[in-house]
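The block underneath contains the structure these notes are about, expressed in structure tokens.
The values are calculated or read from the model by the stated rules, or taken from the named source; none is laboratory data. It should be emphasised that the depicted structure is a prediction, and the values quoted were computed from it without experimental measurement. No Cβ is skipped: glycine too gets one built from the backbone with ideal geometry, and neighbour counts run over all protein chains shown.
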Amino acid sequence: MEFQISELVISVLVVSGIATFLAVLMVIADATIGNYGSMELTINKDRKLTVEGGGTLLNTLKEAGIFIPSACGGRGSCGLCKCKVTEGGGDHLPTELTFISKDEQKLGIRLSCQLKVKRNMSLEIPEELFNVKEYKAKVSSIKDLTHDIKEVRLELLEPREINFIAGQFVQIQVPEYELSSESVYRAYSVSSSPSMKNAVELEIRYVPNGICTTYVHKHLKVGEILTITGPYGEFYLRDTDAEIICVAGGSGMAPIKSILHHMAEKGINRKAAYIFGAQGKRDLFLLDEMKEFETKLPDFRFIPALSNLAPGEEWTGETGKVTEVLARVLTDGSNTEAYLCGSPGMIDATVAILKSKGVKEDKIYYDKF
């Protein structure tokens, strides 16, 4: 019996010793192998940065003041933070392949939130991203637009002005709170006019358990200071004479509203129509402002459409899904540009209708969220 106990004690000590030895090895590995030291990033062939290795490319660039857009905050779930790595990227990771096509893989396109800086790299970044800045902003107002959409106005503190193109978006940083153990960034289109340079307005729809939308709808207070970065995006009005058709629903109104402000202020009187899709009357908002654009833009029509009227709910306007309304409104799209903002499913269905009406695919611009 004593022999068995002694044998058991020795076994326990041996196992404990092995575990301790492995733990020490892991600490040593983390301090040596994991310490990549300084690395050099060559950007667009002529810009060189010396950075600390080991972090993700997304965060490494952010620390250097270069802000790659990332709607999911670097969690690898949006596919927005793509950049081209021509040298030093290594093999693609499984976490990247969902968002990167085979053709993009051949070009060296990577998800910067997944790729770690472990060696010197050469990469290509769109020049417009060098104009992206980080801002401190104060929440100056929060307004309920519908039961699940809030308008948040952010007054810029430092820097005090932002230059953006109507249709672009910014990212706001949400601090740690009950739904997130770390601060995260999320992307939202600017709904205000580019001429208002000292503030931005955002239309944020509540998504149950959404980290950022829950914070905005249930915790954000007037007077709070937030960090935002921007502007980002290539969703903007093209400078042509083509007719314009806009399709959006819910908070997808934000970039379209900004574009309409821009058109009114610049006297752009192209023939245009905006189909806004909602389920019921309680989901409609800013109707007076949209109708006012019809007086400011002589050849503009605002077409709200309801797809799911409640029993007894009175409505004399268009009914049905936005795709159904679009099919009725647009007859000949051969000289038309389309601007769409909404869910991937809505946009894909809308694109199919537009193409069937003669709208060229390269004249269809969209912002999926």
Selection count where residues are surrounded by fewer than 16 Cβ atoms within 10 Å (Cβ to Cβ), touching a strand residue (DSSP E or B) at 6+ places or on another chain (Cβ under 9 Å) and of a type in the set (Asp, Glu), scope the stretch 288-323:
3
Under 7 Å by Cβ, and 6 or more places apart or on different chains, what pairs join a residue from the stretch 142-156 that is farther than 17 Å from Met290 by Cα with one that is among the aromatic types (Phe, Trp, Tyr)?
Asp148/Tyr206; Leu156/Tyr135
If you check Lys143, Lys118, Lys82, which single one turns out to be more than 28 Å from Gly249 (Cβ to Cβ) and either at pLDDT below 95 or surrounded by fewer than 19 Cβ atoms within 10 Å (Cβ to Cβ) (or both)?
Lys118
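Conditions (1) touching a Phe, Trp or Tyr at 6+ places or on another chain (Cβ under 8 Å); (2) assigned to a loop (DSSP other than H, G, I, E, B); (3) within 18 Å of Ser183 (Cα to Cα); (4) not assigned by TED's automatic domain parsing to the domain that holds Val184, marked per residue:
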| position | (1), (2), (3), (4) |
| --- | --- |
| Thr60 | no, no, yes, yes |
| Ile66 | yes, yes, no, yes |
| Arg75 | no, yes, yes, yes |
| Leu93 | no, yes, no, yes |
Touching a strand residue (DSSP E or B) at 6+ places or on another chain (Cβ under 6 Å) and surrounded by fewer than 20 Cβ atoms within 10 Å (Cβ to Cβ): is that true of Glu265 in this structure?
no
Pull out all pairs, ordered by first then second residue, where Cβ-Cβ is under 9 Å, the residues are six or more apart or on different chains, the first lies in the stretch 332-356 and is without any contact (Cβ under 8 Å) to a residue 60 or more places away in the chain and in the same structural domain as Ala278 (by TED's automatic domain parsing), and the second is surrounded by fewer than 22 Cβ atoms within 10 Å (Cβ to Cβ) and part of a helix (DSSP H, G or I).
Ala349/Thr323; Val351/Glu361; Ala352/Thr323; Ile353/Thr323; Ile353/Glu324; Ile353/Ala327; Lys355/Glu361; Ser356/Ala327
Candidates Ile347, Ile353, filtered to the one that is at pLDDT below 95, under 29 Å from the mean Cα position of the chain (by Cα) and buried (at least 18 other Cβ atoms within 10 Å of the Cβ):
Ile347
Of the conditions (1) assigned to a helix (DSSP H, G or I); (2) in contact with a Lys or Arg (Cβ under 8 Å, 6 or more places away or on another chain); (3) assigned by TED's automatic domain parsing to the domain that holds Arg153; (4) not aromatic (Phe, Trp, Tyr), Ala264 fails just one. Which one is it?
(3)
Condition first: among the aliphatic types (A, V, I, L, M), modelled with pLDDT of 95 or more and more than 20 Å from Lys136 (Cβ to Cβ). Now tell me which residues in the stretch 162-215 satisfy that.
Ile165, Ala166
If we ask which residues in the stretch 203-235 are in contact with a helix residue (DSSP H, G or I) (Cβ under 7 Å, 6 or more places away or on another chain) and either more than 15 Å from Gly167 (Cα to Cα) or of a type outside the set (D, E, K, R) (or both), their number turns out to be 5
Look through the stretch 35-58, keep the residues that are free of Cβ contacts under 8 Å to residues at least 40 places away in the same chain and polar (S, T, N, Q), and return whichever of them is nearest to Phe130 (Cα to Cα).
Thr50
Taking the stretch 324-336 and keeping residues surrounded by 13 or more Cβ atoms within 10 Å (Cβ to Cβ) and either under 15 Å from Ala278 (Cβ atoms) or in contact with a Gly (Cβ under 6 Å, 6 or more places away or on another chain) (or both) leaves Glu324, Val325, Leu326, Gly333
Take Gly65 and decide whether it is surrounded by 13 or more Cβ atoms within 10 Å (Cβ to Cβ) and either small (Gly, Ala, Ser) or at pLDDT 95 or above (or both).
no
